[in-house]
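Report on the following structure.
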Amino acid sequence: MLDLTKEIKLEPHLRKRYTVARIFLYAVFLIIVLLALDRILFPSLSFTFSFSNINSLKNNLELSNITAKSETLAKGLAVANDAITFDANPSGTFSSATVKFTTDNNSKNIENTPIRIRKSYEAFFYPTGAPIGFRDGTLLVADGVYYIVSDGALRKFSNIALVTRLGYSKNSFLQVSQDDLKYNDPGDDINDIGNYPNDTLFAIGDTYYQLKNQQLYPFVSTKAFFSQFDANQAIIKTADFFSQYELAETSLGFADGTLASLAPSVFILSEGKSYPISNAETFIKMGFDWNNLVQVDSVELGIYEKQRQFTYNQPHPNGTLFFDQRINKYFVIKDEEKHPIESAAVAKTYSKQKPVLADLQENEVGVSCQLKKKLFSSYTYSCDAPLNSFDNFPGTDFQIDAKFKDGAKISNADITFFTSINLGNFNAALSKIKGNVFTNYNIQQQP
Amino acid sequence: MRILKLPPFNKDALLIIYKLLYDALFLLLISFIAMLIAEGALPGIVSSHISLTRVVIVILLVLLSIIWIGKKFQLTYAAPVIKKNKPLPVLILLAFLLMGNSLLKFALWENMIITLTTLFLFFLFYQIIFDPKN
């Protein structure tokens, strides 16, 4: 063994003690090195929210439930039995989490408050909204009566002759039942032969158009049109049709929620905005499938307003389609609600989009723990919850609910996720380091 | 180095601790160098999980302990004679690589000029500080 203090000679009995102590020192050092590696490769991830400074940039725990946005809760005042909900988006699989609440001096005791943690996609945690109906522009026939979905409403053609005279092909109408029609509000009947209803689709030359407010909006490409409709849904017209309706300056794009690829980037397209997906890890974590990418060109992408990078900390944007295999039901994300598709006929019109797989039942499965007062701290309460049961659950979002029976005055909420030591996480850590090396040294990664 | 006068209390234990502190210092310095190299190659890989300041504080505490016990034993050392030895070229190469790595955003020729100039300045400082005439 390397002796750094050769000049200091020890008596034989001391030399033995020194050797033992030295072995102990090296063993302790080895343990510290292993602990340091554990911290680097399997890090614990901490999230915090300070009620005393709700706009702090350090707040990476998201206060998410609607009631939490009320003024009282924003100040940390939890009303008795009012649920307070946080969202955290850690990356990895975790063995456990520690939830910690710090109260103000004048707060009620929150010991034994139950904490529930659930895992899914943040958007899939949205409250369930009203069932969604057919898309605007869809042509439907039920019991021999013809309809078009226009401005969200179901408008009936007053007679069959009108359908033919307006140029619609009867074959292009989707056969549905009366039951399928109840998910769109009823609108006015169509009687006017001189005017087409809003959202009617036309094909003029090689371009598809949709009528909106007496203007013809061109689809940016046939691909964009086919992401929502079939070719037979459009009425074929000639160029002189522009004398009846003026051409709009803006173009229509792809179905909301479409995944578009323009090498080397991938975007989510939604409501006129394009969200560049930050990296492959985010793409996979958000449940997307590489096979669902639509190749677009710069013109097609150019009609969208580019947004900041989309990371797995953000919820899926409007238009994203989820599918629950267990109950065989689709859900569409719209305005912070998930709208179920109750009818098979409606679902069929969304079948051009590939859904993100999720599970409503797993959404409700949670792990619980009860807050206990921490030692040597009068105002801090914490509890530990095992998270192993979530390993195979889809989603990146952990939602933490707390319901304070007698109310509370919270000053701080913290949650720490502890990473499991397993091969998957080890590979993920190495992959992350490799990615950082490639980014740092500007090396192009091979797909 | 010679032992002039031993303190009256538990000198055996202190002697062992003194030798162990040297071992600890050696391990800490090796770890610290490894951390600096890793940090230089990939900024944040260590410092985002382990506080380098704390490591430096621990190294300083070990050094102070060595000095304190050394004084107890009244250990004296001859001034170090730094001369060219085998590890020197390796250390210079390592310094060159770390400096070059930290200047990756510069063009290659700028990087080379700055790194070589810095090393040359260090060499001059070394000459001035360790000049036997001083």
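We did not get these values from a lab; they are worked out from the coordinates using the rules stated. Treat the numbers as computed from the prediction; the structure is a model and nothing was measured. Here Cβ is always computed from backbone atoms with ideal geometry, including for glycine, and neighbour counts include all displayed protein chains.
Structure summary
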| read-out | value |
| --- | --- |
| Label-point separation, A:ILE236 to A:LYS354 (7 Å along Cα→Cβ), nm | 3.2 |
| Extension gain, A:THR128 back to A:ARG17 (0.36 nm per residue minus Cα-Cα distance, nm) | 32.9 nm |
| Farthest toward positive dipole pole in the stretch A:342-402 [+1 Lys/Arg, -1 Asp/Glu at C-beta], among A:SER382, A:GLN361, A:ALA347 | A:SER382 |
| Area projected by the alpha carbon convex hull of chain A, averaged over all directions, nm² | 30.9 |
| Over the stretch A:362-447 - Rg/Rh using Cα atoms and the Kirkwood inverse-distance radius | 1.11 |
| Label-point separation, A:GLU111 to A:GLU281 (7 Å along Cα→Cβ), nm | 4.1 |
| Fraction of alpha-carbon pairs over 12 Å apart in the stretch A:153-194 - percent | 65 |
| 25 °C / 0.890 mPa s Stokes-Einstein diffusion coefficient of chain B, Kirkwood radius on C-alpha pairs, µm²/s | 135 |
| Hypothetical label at A:GLU249: residues of the stretch A:211-227 whose amide nitrogen lies under 18 Å (7 Å Cα-Cβ projection) | A:212-220 |
| Semi-axis lengths (Å, descending) of the ellipsoid that matches the C-alpha gyration tensor of the stretch A:189-340 | 32, 19, 13 |
| Rough spin-label spacing in nm, given labels placed 7 Å along Cα→Cβ, for A:ASN55 and B:ALA107 | 4.5 |
| The stretch B:81-134: C-alpha gyration tensor shape, a/c 1.5 cut-off, then a/b vs b/c | oblate |
| Within the stretch B:19-55: backbone nitrogen closer than 13 Å to the B:LEU98 label point (7 Å, Cα to C-beta) | B:29-42 |
| Convex hull volume of the stretch B:1-78 per residue (C-alpha atoms, cubic angstrom) | 93 |
| Local electrostatic count, A:ARG326, Cβ distance below 13 Å [Lys/Arg +1, Asp/Glu -1] | -3 |
| Ranking of A:THR380, B:THR117, A:THR138 by count of other Cβ atoms within 10 Å, fewest first | B:THR117, A:THR380, A:THR138 |
| Contour minus Cα-Cα distance for A:ASN81 and A:ALA36 (0.36 nm per residue) | 12.0 nm |
| Computed [θ] at 222 nm, deg cm²/dmol, chain B (DSSP H ≥ 4; -39,500 (n - 2.57); rounded to nearest 500) | -23500 deg cm²/dmol |
| Per-residue [θ]222 nm for chain A (sum of -39500 (n - 2.57) over DSSP H runs n ≥ 4, rounded to 500) | -5500 deg cm²/dmol |
| Tail weight of P(r) past 21 Å, computed on alpha-carbon pairs of the stretch A:111-228, percent | 49 |
| Proximal aspartates and glutamates to A:LYS182, defined as alpha-carbon separation beneath 17 angstrom and excluding residues fewer than eight positions away on the same chain | A:ASP136, A:ASP143, A:ASP151, A:GLU342 |
| Sites matching trypsin sites (Lys or Arg not before Pro) across the stretch B:10-100 that sit in DSSP coil, with at most 15 neighbouring C-beta atoms within 10 Å | B:LYS83, B:LYS84 |
| Unit Cα scatterers, Debye sum, the stretch A:1-153: log10 I(q)/I(0) for q = 0.17, 0.21 Å⁻¹ | -1.11, -1.41 |
